[in-house]
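Written below as structure tokens is the structure these notes are about.
The values are calculated or read from the model by the stated rules, or taken from the named source; none is laboratory data. Everything numeric in this text was worked out from a predicted model, so none of it was measured. Positions of Cβ are backbone-derived with ideal geometry, glycine not excepted, and every protein chain shown enters the neighbour counts.
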Ligand code: AP5
Ligand code: ZN
């Protein structure tokens with residue numbers, strides 16, 4: 001299964017991808033996570049990307065396309081993958097299509113998570129994640145079952161993202177509507193797009209996605 005989760009910042013792409021990994025035995029390819037790892041490791045890409053990400057802008061297409069091409073070449077992507085946060089521009093979508101064509105592959109589904117802006121801001125400002133395994137939580141809506149302990153790995157360390165503040169979030173939303181939302185029409189025309197309500201409870205969104213994957 002080759003799947004794209006499309007949607008604005010805070011729509012729930014990462015949350016849903018994490019749930020699909022175990023059920024379907026395929027990896028999540030989050031360009032945001034890959035770029036944050038590059039920033040943390042202070043690689044040449046990470047050093048350039050940091051200021052761009054902190055401002056809520058997009059890292060150049062050629063940089064992200066190269067990262068994704070490398071990652072898709074790994075063995076664990078041969079049976080499928082979940083793309084989370086990529087593609088984010090029409091140029092990235094064209095690059096992905098060319099890359100998959102070269103590998104004799106095609107996308108099975110593009111699922112758009114639709115969420116209103118005011119809810120997105122609330123979600124992002126309350127978000128935190130496990131410092132060890134990356135499981136995503138929220139201050140109000142989705143706390144660990146046992147307070148202060150990650151449900152998934154038992155770690156007691158959590159972290160917040162530097163771009164999860166109101167000012168950067170406004171910039172990320174503007175960037176989304178300008179650069180990424182045209183992909184909705186792009187994939188609609190290709191017949192692969194399914195748009196779903198991303199404002200439903202997390203379990204309901206997962207169920208809707210699973211129904212689409214079965215179809
Ligand atoms: P990236 O890391 O991709 O961030 P994003 O797209 O802004 O998306 P988020 O990770 O913020 O949100 P999400 O949809 O995964 O939501 P989540 O599941 O966490 O990108 C960061 C930066 O990297 C970009 O700004 C850019 O600079 C750069 N970048 C990345 N990819 C790039 C690319 N392809 N090209 C160029 N630059 C790139 O959920 C959010 C919160 O809501 C959580 O707290 C969660 O618990 C909660 N929640 C989720 N679902 C629900 C629900 N149904 N009900 C209630 N709460 C929910
Ligand atoms: Zn964890």
Which of the helices (runs of 4 or more DSSP H) found entirely inside region 1-98 contain at least 2 residues meeting this: in contact with a strand residue (DSSP E or B) (Cβ under 6 Å, 6 or more places away or on another chain) and either at pLDDT 95 or above or within 9 Å of ligand 1 (Cβ to nearest atom) (or both)?
13-24
Residues located in region 1-38, provided they are surrounded by 18 or more Cβ atoms within 10 Å (Cβ to Cβ) and over 22 Å from residue 192 (Cα atoms)
10, 32, 34, 35, 36, 38
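Residue-by-condition table, conditions (1) under 30 Å from residue 213 (Cα atoms); (2) within 12 Å of ligand 1 (Cβ to nearest atom); (3) free of Cβ contacts under 8 Å to residues at least 12 places away in the same chain:
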| site | (1), (2), (3) |
| --- | --- |
| 135 | yes, yes, no |
| 148 | no, no, yes |
| 168 | no, yes, no |
| 173 | yes, yes, no |
If residue 128 satisfies all but one of (1) surrounded by 15 or more Cβ atoms within 10 Å (Cβ to Cβ); (2) more than 14 Å from ligand 1 (Cβ to nearest atom), what's the number of the condition it fails?
(2)
Among all residue pairs at least 6 apart or on different chains, which show Cβ distances below 6 Å where the first residue, located in region 68-91, is farther than 21 Å from residue 193 by Cβ and the second is away from ligand 1 (no atom under 14 Å from the Cβ)?
76/27
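This table checks each residue for (1) near ligand 1 (Cβ under 10 Å from one of its atoms); (2) surrounded by 13 or more Cβ atoms within 10 Å (Cβ to Cβ); (3) closer than 22 Å to residue 49 by Cα.
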residue: 120; (1), (2), (3): yes, yes, no
residue: 179; (1), (2), (3): yes, yes, yes
residue: 183; (1), (2), (3): no, yes, no
residue: 192; (1), (2), (3): no, yes, no
Looking only at residues that are more than 16 Å from residue 36 (Cβ to Cβ) and at pLDDT below 95 in region 153-168, which one is nearest to ligand 2 (Cβ to nearest atom)?
166
Can we say residue 213 is away from ligand 1 (no atom under 12 Å from the Cβ) and surrounded by fewer than 17 Cβ atoms within 10 Å (Cβ to Cβ)?
yes
